[in-house]
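Structure first, then comments.
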Amino acid sequence: MGKTFHKPEALADTITHYCPGCTHGVAHRLVAEVIDELGIRGRTVGVAPVGCAVLMYNYFTFDFQEAAHGRAPAMATGIKRVRPDLVVFTYQGDGDLASIGLSEIVHSANRGEKFTTIFINNAVYGMTGGQMAPTTMPGQRTTTSPFGRDPAQVGMPIRMAELLATLKTPGYIARQTLLNPKYINRAKKAIKKAFTYQLNNDCFSLVELVSTCPTNWGMTPAEAVEWAEGNMLPYYPLGEFKTPEES
Amino acid sequence: MSKVLMKGNEAIGEAAIRAGGLNYFAYPITPQSEVAEYLSKRMPEVGGVFLQGESEVAVSYMIFGAAACGKRVFTTSSSPGISLMSEGISYIAAAECPSVFVNIMRGGPGLGGILPSQADYLQATKGGGHGDYKLLVMAPASVQEAVEMVMRAFPLAEKYRNPVMVLGDGLIGQMMEPVEFPEHLKSEPSNKDTWATNGMDTRKSKTRNLVKTLYLDPVELNAQNLKLKAKYERMEREEILYEPYHLEGDYKVLIVSYGTMSRVCRTAIDHLEGEGLAVGMIRPQHLFPFPAKAVYEAAGRDSCRAVLSVEMSMGQMVEDIERSVKGKRSVHWYGKCGGEVPTPEEVMDAVKKLAD
């Protein structure tokens with residue numbers, strides 16, 4: 001019997017630093033599979049964020065730039081404007097994209113920059129040790145909201161996919177999740193669609209992935225999946241919020 | 001090519017194009033917005049890239065992303081805008097990406113004012129953002145020199161794989177002078193395949209390149225800082241540039257002044273000579289590296305009693321002069337900032353006080 005499952009060429013053969021139960025590994029693999037399937041590894045440039053995925057370039061086998069916190073979309077804009085033939089993606093967490101980098105992502109999407117963003121939403125700052133993010137759920141305890149997020153003080157979580165979908169510029173905006181194999185297959189389809197829109201020079205594309213952070217949530221991986229399904233998915237609905245065809 | 005009459009800001013934009021700087025990202029700010037206005041028309045004509053970013057912060061990272069692809073890229077701004085860009089400049093210096101930043105200085109601190117100033121000397125020459133890094137800093141004293149410096153800035157940025165700053169006071173951007181443009185340069189850095197993220201397929205090696213600034217291992221980070229330090233020391237050996245003025249005679253006072261201010265000083269020196277008082281001047285054309293040895297030697301002349309820094313700032317260059325003179329002569333300051341340019345008469349009065 002032949003080999004039926006192998007590591008994507010775009011993924012390096014190495015051990016990652018991610019915690020047990022973290023969904024970054026799944027998201028990385030999906031991006032790598034899509035890059036292999038589209039045959040674009042030799043002309044792809046990734047832009048790494050600040051956060052847990054800052055070292056992601058160690059796990060991929062193509063060109064990478066490492067951004068400052070929140071600035072990945074500005075760097076991707078710079079690359080894509082001077083080298084439109086390259087395939088460019090940013091990979092950003094919720095603190096990075098929805099807090100410090102809100103301006104950069106909104107304006108990149110609004111200009112219709114032809115790159116792809118993979119947005120990991122796990123409702124918490126990971127790398128810095130579990131502080132409150134703009135996406136933290138009401139009542140969710142973090143190291144900077146020890147009594148639970150109080151919407152009266154800090155507002156409700158930002159729904160980035162919905163926010164970006166209000167822009168009039170054509171774009172592809174979707175939200176999927178990595179909580180089980182069925183969802184993971186849907187997430188991969190969305191990621192492939194996002195890269196394909198870029199390859200066709202159609203529009204800006206972003207796939208938000210509802211993810212888990214068992215370490216900073218203080219849960220086992222199984223509890224984290226259950227918590228995300230019960231608490232995050234009702235507030236962060238899955239699906240396509242915008243396609244260039246409908247814009 | 002014959003001479004044309006051009007406003008400094010427009011001449012700076014045209015000079016960058018002729019240097020192959022065909023990729024421009026910027027955010028409007030007085031007194032340099034004419035560069036962006038000029039290039040928004042010119043870049044499409046020459047097949048270049050023009051993009052107005054959403055903020056100076058974003059612009060500095062557009063520069064970073066494009067520079068990391070090995071393209072000739074630049075921006076222009078003014079003082080408060082440069083403060084916002086300083087975050088990105090620190091990353092670009094850390095990642096060793098060639099790029100050119102033009103600062104047409106206005107008065108500060110804070111919003112300050114929109115009139116000419118030289119109050120960003122320390123920010124420009126000592127780093128400006130966080131961490132141990134330096135910029136090569138060029139200071140033009142005329143529109144013609146601004147053109148020549150902008151054109152030299154690109155190859156110098158590539159030689160050192162470091163950002164270069166052209167630091168002009170607001171007058172350099174706003175005044176019109178006759179200029180002649182040198183020959184075009186070729187438009188691509190030559191050594192980029194060893195470091196640029198320009199797509200693996202485009203390179204012979206077919207190995208991937210990585211542009212990064214994070215070194216979690218303290219030994220590695222120290223080694224990277226030593227590498228950068230060696231580069232700045234090489235600049236100090238190879239890139240000293242200054243113009244001497246009336247340094248032949250037995251001058252009583254040595255002026256150190258740069259940019260438009262140095263032209264006022266020239267007039268003052270000529271008048272003082274007519275009155276029988278000999279004054280010499282060193283005009284640093286590069287502010288980093290600073291011409292420390294030249295200032296030391298000129299200050300050490302037997303006839304020289306004192307050294308005077310004349311600046312449109314509150315004396316930011318004085319500490320560079322003091323460390324150069326090494327206590328041999330007293331170092332003084334005369335200047336104004338906020339947009340008032342000292343007159344030749346005011347400079348003459350300041351010099352006379354030291355000569356008595």
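Values quoted throughout were computed directly from the atomic coordinates according to the rules given, and no laboratory measurement underlies them. Fair warning: this is a prediction, and the values are worked out from it, not measured in the lab. Virtual Cβ from ideal backbone geometry, glycine too; neighbours counted across all protein chains shown.
For the pairs B:Lys134/B:Lys212; B:Lys41/B:Lys159; A:Lys80/B:Lys159; A:Lys7/B:Lys71; A:Lys7/B:Lys206; B:Lys7/B:Lys126, flag any whose C-alpha to C-alpha distance is greater than 23 Å. If you can, show how the numbers build up before the last one.
On the way: B:Lys134/B:Lys212 18 Å; B:Lys41/B:Lys159 30 Å; A:Lys80/B:Lys159 25 Å; A:Lys7/B:Lys71 34 Å; A:Lys7/B:Lys206 20 Å; B:Lys7/B:Lys126 29 Å.
From B:Lys134/B:Lys212; B:Lys41/B:Lys159; A:Lys80/B:Lys159; A:Lys7/B:Lys71; A:Lys7/B:Lys206; B:Lys7/B:Lys126, over 23 Å: B:Lys41/B:Lys159; A:Lys80/B:Lys159; A:Lys7/B:Lys71; B:Lys7/B:Lys126.
DSSP loop (so not H, G, I, E, B), at most 12 other Cβ within 10 Å: list which GluC sites (Glu not before Pro) in the range B:43-122 pass both filters.
Working: sites: B:Glu45, B:Glu54, B:Glu56, B:Glu87, B:Glu96; in loops: B:Glu54, B:Glu96.
Loop-located and lightly packed - none at all.
According to a simple spin-label model (label point 7 Å from Cα along Cα-to-Cβ), what is the distance in nm between B:Thr207 and A:Glu9?
1.9 nm
In the protein assembly as shown, if the dipole is taken from +1 on Lys/Arg beta carbons and -1 on Asp/Glu beta carbons about the Cα centre, which of B:Val341, B:Ser142, A:Leu164 is farthest to the positive end?
A:Leu164
According to the Kirkwood expression over distinct Cα-Cα pairs, how big is the hydrodynamic radius of the range A:24-242, in Å? List each step's numbers first, then the result.
Numbers: mean 1/r = 0.0583 Å⁻¹.
Taking the inverse mean of 1/r over all distinct Cα pairs, the range A:24-242 comes out at 17.1 Å.
Please grab the % of Cα pairs in the protein assembly as shown that end up more than 42 Å from each other.
Details: 56611 of 181503 pairs.
Across the protein assembly as shown, Cα pairs with separations above 42 Å total 31 percent.
Taking 8 Å as the Cα distance limit and 6 or more residues as the minimum spacing, I'd like the relative contact order of chain B as a percentage.
Numbers: 780 pairs, mean separation 63.2, N = 356.
Result for chain B is 18 percent.
Counting partner chain Cβ atoms within 10 Å of every residue's Cβ in A:80-92, what's the average?
On the way: counts 4, 12, 17, 12, 1, 4, 6, 1, 4, 0, 0, 0, 0.
Mean shielding by partner chains, rounded to a whole number: 5.
Using a cut-off of 10 Å between beta-carbons, work out the net charge of the residues near A:Lys188 (Lys and Arg +1, Asp and Glu -1, A:Lys188 not included). Intermediate results must be reported in sequence, preceding the final value.
Details: positive: A:Arg29, A:Arg186, A:Lys189, A:Lys192, A:Lys193; negative: A:Glu33, A:Glu37.
Residues close to A:Lys188 contribute a combined charge of +3.
For chain B, take the longest principal axis of its alpha carbons; what is the angle in degrees between that and the long axis of helix B:259-274, to the nearest 10 within 0 to 90?
Tilt relative to chain B: about 20 degrees.
How large is the convex hull of the Cα atoms of chain B per residue, expressed in Å³ as a whole number? Present the calculation step by step, with values, prior to reporting the outcome.
Values: hull volume 50.2 nm³, N = 356.
With only Cα atoms used, chain B gives 141 Å³ per residue.
Within a Cβ distance under 13 Å of A:Pro244, other residues only, what is the Lys/Arg minus Asp/Glu net charge? Write down the numbers at each step before the final one.
Numbers: positive: A:Lys114, A:Lys168, A:Lys193, A:Lys242; negative: A:Asp202, A:Glu240, A:Glu245, A:Glu246.
Once positives and negatives cancel, what remains is 0.
Farthest toward the dipole's positive end in the protein assembly as shown, which of B:Ser205, A:Gly129, B:Cys97, given Cβ charges of +1 (Lys, Arg) and -1 (Asp, Glu) about the Cα centre?
B:Ser205
Give the lysines whose C-alpha is closer than 16 Å to that of A:Lys242, dropping any in the same chain fewer than 8 places away, or say none.
Filter leaves A:Lys114, A:Lys168, A:Lys189, A:Lys192, A:Lys193.
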